[in-house]
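Bear in mind that the values in this text are calculations on the coordinates, not laboratory data. Keep in mind it's a predicted model, so treat the numbers as computed, not measured. Please note: Cβ atoms are built from the backbone with ideal geometry, for glycine as well, and neighbour counts cover all protein chains shown.
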Amino acid sequence: MSVQQSSSADLQRLAQEVEDLEYLNDVMAARLANMETANDERVPGWVVDRCQSGEAPALVWRELRGLSVAEVASSAGLAQADLAEIEAGTRDPGMHALKRLAVALRVDMDDLVPWTRDDGDGLD
């Protein structure tokens with residue numbers, strides 16, 4: 001094998017290694033992107049519409065999750081009657097119950113705060 005053939009073979013091998021490394025880099029970037037968005041949830045429009053129209057977010061999220069009042073109440077450590085009042089908007093759950101309810105529904109606490117049309121920001 002001549003020096004020129006050896007150099008050509010080395011260049012081809014190096015080019016293949018670079019191509020392989022670029023592929024692995026792309027794979028790792030895709031995996032990282034998937035991990036960064038793993039907990040993101042797309043919220044159906046009807047959830048937004050119902051919350052915006054004044055329905056209690058706890059009720060809307062429970063229905064989205066397909067859970068019964070009994071399941072959510074038990075998971076959150078609430079009485080079913082208390083959860084029913086929260087969902088009806090006639091009872092303020094308080095911070096501790098709100099936190100337990102958020103865990104039971106797999107949402108952030110702020111997702112359970114009732115929406116209002118006039119929240120004082122003048123943007124309605």
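Taking the criterion of being without any contact (Cβ under 8 Å) to a residue 12 or more places away in the chain and assigned to a helix (DSSP H, G or I), the residues of the stretch 57-70 that qualify are Glu63, Ala70. Residues that are of a type outside the set (Lys, Arg) and surrounded by 14 or more Cβ atoms within 10 Å (Cβ to Cβ) within the stretch 81-96 comprise Asp82, Leu83, Ala84, Glu85, Ile86, Glu87, Gly89, Pro93, listed in sequence order. Quick one: would you say Arg62 is buried (at least 20 other Cβ atoms within 10 Å of the Cβ) and basic (Lys, Arg)? So Arg62 fits the description; yes. When each of Gly54, Gly77 is tested for being in contact with a helix residue (DSSP H, G or I) (Cβ under 9 Å, 6 or more places away or on another chain), on the phi > 0 side of the Ramachandran plot, surrounded by 10 or more Cβ atoms within 10 Å (Cβ to Cβ) and of a type in the set (Gly, Ala, Ser), the lone residue that passes is Gly77. If I ask for residues that are out of contact with any Pro (no Cβ under 6 Å at 6 or more places or on another chain), under 16 Å from Val107 (Cα atoms) and assigned to a helix (DSSP H, G or I), which ones from the stretch 38-56 would you list? Answer for the stretch 38-56, where residues must be out of contact with any Pro (no Cβ under 6 Å at 6 or more places or on another chain), under 16 Å from Val107 (Cα atoms) and assigned to a helix (DSSP H, G or I): Val47, Val48.
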